[in-house]
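Below is one structure, written out as structure tokens, with a few remarks after it.
The values are calculated or read from the model by the stated rules, or taken from the named source; none is laboratory data. In this text the structure is predicted, and so the values were computed from the model without any measurement. For neighbour counting, all protein chains shown are included, and Cβ atoms are generated from backbone atoms with ideal geometry for every residue, glycine included.
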Amino acid sequence: MFIGMGLFSLFNLLYHWFMIRRLPSADYGHLNTLVALLAVISVPAGTVQTTVTRFSSFLRAENEPHQAVDLLRHFLLLMSIIALSFFLVILFASSFISSFLRISSPGSVILLGLGLAFSMVITVPSGGLQGLQKFGLLAFNYIVNGGLKFALGVFFVLLGWGVLGALGAVAVSSFVAAFLSFLMLMSCMQNEKKLLGGVPDSKGMKRFSVSEAYRYFFPVGTMLLCFTVLTNVDIILVKHFFPPIEAGYYSIAQMVGKIILFLPFPVATVMFPKLSSSQGQGKKKLSILRRSLMIAGVLCCGAIMLSLLFPALIIRILSGKSYVACISLVRFFCVNATFFSLLLIVLSYHLSTQKRGFLFPLIFLTLMEIGLIALFHRTLIQILMIVGIVAFCLFLINFCLVYWPYIRARKHDDLIGQ
């Protein structure tokens with residue numbers, strides 16, 4: 001999985017590296033805005049993948065392959081309906097969306113809708129493969145998706161198709177990956193039935209499994225949606241409020257921040273199951289959280305130092321050109337991405353404790369970021385300052401939410417001791 005996801009991330013980086021060098025800055029701004037919009041809209045689909053993974057794994061462990069098939073069929077039908085609905089909405093609203101984002105071609109928005117539809121559907125077979133622990137097949141599918149996106153993107157853009165070609169590569173690679181993962185899952189489920197045998201449950205899937213699944217992915221989906229909006233909505237609003245050239249500079253500088261943002265992702269990935277397996281062990285949980293924050297902080301601080309010392313060199317390596325206007329933006333993006341990275345670690349801790357109180361400030365400040373950018377957007381630096389203040393406040397609030405129960409308990413023990 002590390003190899004598969006690592007290659008997928010590498011292909012994605014190469015895709016953007018090629019586009020930022022080949023496309024004019026304004027066109028890359030169009031592409032980056034649509035990709036950010038795709039990331040925000042597809043967040044609930046990622047939550048479905050996590051849910052499918054958990055419950056298909058549970059049913060497999062219970063020797064219930066037929067129940068697992070019913071579970072997968074339920075979510076596949078659900079996601080297909082949602083994906084088709086989203087595509088139709090984007091299709092009919094393509095002119096309005098392109099006008100809002102100042103994109104000349106509605107065809108780019110339609111291709112975005114296709115890519116979104118296939119990205120939503122792929123979450124179910126991918127979650128099924130992960131739940132069945134078919135990690136080799138899942139990793140292979142990640143590699144195919146990322147590699148095809150990069151190869152087709154290069155090919156289409158070299159043909160002169162521009163942003164349409166870049167987004168067409170996203171749509172085609174998503175379709176191929178969705179179809180391939182579906183075939184893989186069908187084959188695996190047939191093998192599971194043969195190995196485990198048993199008689200299919202005539203009543204189909206147990207009702208409590210569905211309701212439990214929906215209860216499970218609500219807090220996870222809310223957290224993922226808010227975090228994705230927090231880290232992407234500025235790109236979309238900048239594209240709306242600023243001329244294409246300035247929006248392009250913002251997108252180029254943002255690429256450096258996204259690299260820093262994704263650095264601690266492996267830390268959060270490893271930390272979450274460790275915290276989940278430490279129920280009732282408060283001190284051990286806090287120890288894991290502290291170590292995770294320290295590792296993430298060291299990674300981010302190292303990246304910040306490089307970005308502050310050599311911003312022009314980094315921009316030139318990524319874009320192939322020296323964009324002087326991006327240098328000041330890069331510094332703000334690095335600091336903001338660090339706060340968001342640390343915030344992700346703390347939010348993962350909250351999810352492992354199954355507490356829901358952290359969702360209220362998260363939702364409130366997410367809406368506040370959108371509102372503040374909509375009201376105050378005189379310069380790009382002003383927008384970055386708003387994002388940075390929101391990120392810092394969220395990290396501070398959630399950090400206090402982690403430690404406040406332990407501080408209060410310690411005060412209570414001291415009073416009893418006195």
ALA337 versus (1) surrounded by 20 or more Cβ atoms within 10 Å (Cβ to Cβ); (2) of a type in the set (Gly, Ala, Ser); (3) assigned to a loop (DSSP other than H, G, I, E, B): which is the lone unmet condition? (3)
Answer from LEU152, LEU148, LEU129 - the residue that is of a type in the set (A, V, I, L, M), buried (at least 18 other Cβ atoms within 10 Å of the Cβ), at pLDDT below 90 and in a helix (DSSP H, G or I): LEU129
Quick check, is ALA68 in the same structural domain as LEU164 (by TED's automatic domain parsing), within 22 Å of ALA139 (Cβ to Cβ) and among the small types (Gly, Ala, Ser)? yes
Note on the stretch 340-366: residues assigned to a loop (DSSP other than H, G, I, E, B) and of a type outside the set (S, T, N, Q) are LYS355, ARG356, GLY357, PHE358
Against the definition (over 19 Å from ILE20 (Cβ atoms), at pLDDT 75 or above and either outside the structural domain of TYR28 (by TED's automatic domain parsing) or in a helix (DSSP H, G or I) (or both)), how does GLY302 come out, yes or no? yes
Applying the selection to the stretch 8-45, what residues are at pLDDT 80 or above, in contact with a Phe, Trp or Tyr (Cβ under 7 Å, 6 or more places away or on another chain) and surrounded by 18 or more Cβ atoms within 10 Å (Cβ to Cβ)? PHE8, PHE11, TYR15, MET19, ILE20
The one condition ARG102 fails out of (1) outside any helix (DSSP H, G or I); (2) at pLDDT 85 or above is (2)
Options VAL176, VAL210: the member that is surrounded by fewer than 20 Cβ atoms within 10 Å (Cβ to Cβ), modelled with pLDDT under 80 and of a type in the set (A, V, I, L, M, F, W, C): VAL210
